[in-house]
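Here is the structure we will look at, set down as structure tokens.
The values are calculated or read from the model by the stated rules, or taken from the named source; none is laboratory data. Fair warning: this is a prediction, and the values are worked out from it, not measured in the lab. When we count neighbours, we look across all protein chains shown, and the Cβ atoms used for this are built from the backbone with ideal geometry, even at glycine.
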Amino acid sequence: MKLHTLSRRTFCKLLSLGAAAGIGGAIPFMSTKTFASANTTPKSLIVYFSHSGNTKKIAQFIQETLNCDSFEVKPAKPYPTDYDTLVNLAREEKNNHFRPELAGTIPNTGNYQTIFVGYPSWWGTMPMPLFTFFEQINCSGKTIVPFTTHEGSRFGQSLRDLQTLCPDAVLLDGFETRGSRSANAKQDVQTWLKTINIAQ
């Protein structure tokens, strides 16, 4: 089955059944520490990778709006801070289909119906740690909501890569913004969430 776009009518049905996240007040931003238990109503989970902090800012805006859980994907071996070194390493990892080991414990995604996935655009796709993450979970029947920060490449080929990684999931329209604008993107994020019928 191919990844496909969820219609407004279908998603509204999911909302009425409680399958998507509800709206709540803002909560402190969390990373890898608080997740829904198996006995709670499925909530949304934000999974994101952020090197410079731009993508993390968008993840915070989503969490503040939806009151959902989050998990920051980090490689076991941190990436270099030097820009040129990082760019070359990211290109090498992509060309070699490298799957870096992740730090921490991956949450039980079975507790979530909707998974937001955020990332900076590196060489036209997601950073390789997110490939590692998605190859370790089961996305069948879930709703995937992408968001990315970039400096001109937008989603690149990352949506096709998500389709390959999550062939039996539903893909909603994503959010993209330049990294340099991420700190001021809260209103744009809220408008996007309303457009895809996740926020009111």
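See the values below:
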read-out	value
Residue list for segment 181-200, restricted to those being at pLDDT below 95 and not β-branched (V, I, T)	N197, A199, Q200
Residue that is surrounded by the fewest Cβ atoms within 10 Å (Cβ to Cβ) [pool: residues in segment 61-93 that are aromatic (F, W, Y) and under 22 Å from R181 (Cα atoms)]	Y83
Failed condition for G152, given (1) at pLDDT 95 or above; (2) loosely packed, with under 14 Cβ neighbours inside 10 Å; (3) closer than 29 Å to K77 by Cβ; (4) not basic (K, R)	(1)
Lone qualifier among P107, P129 - being surrounded by 17 or more Cβ atoms within 10 Å (Cβ to Cβ), touching a Lys or Arg at 6+ places or on another chain (Cβ under 8 Å) and either part of a loop (DSSP other than H, G, I, E, B) or not polar (S, T, N, Q) (or both)	P129
Any chance W122 is more than 21 Å from D69 (Cβ to Cβ), aromatic (F, W, Y) and within 17 Å of the chain's Cα centre (by Cα)	yes
Those residues of segment 73-93 which are of a type in the set (A, V, I, L, M) and in contact with a Phe, Trp or Tyr (Cβ under 6 Å, 6 or more places away or on another chain), in sequence order	V73, L86, A90
Residues (part of a loop (DSSP other than H, G, I, E, B) and among the polar types (S, T, N, Q)) located in segment 132-167	Q136, N138, S140, S153, Q157
Residue satisfying all of: in segment 51-104; hydrophobic (A, V, I, L, M, F, W, C), in a loop (DSSP other than H, G, I, E, B) and touching a strand residue (DSSP E or B) at 6+ places or on another chain (Cβ under 9 Å); farthest from K186 (Cα to Cα) among these	A76
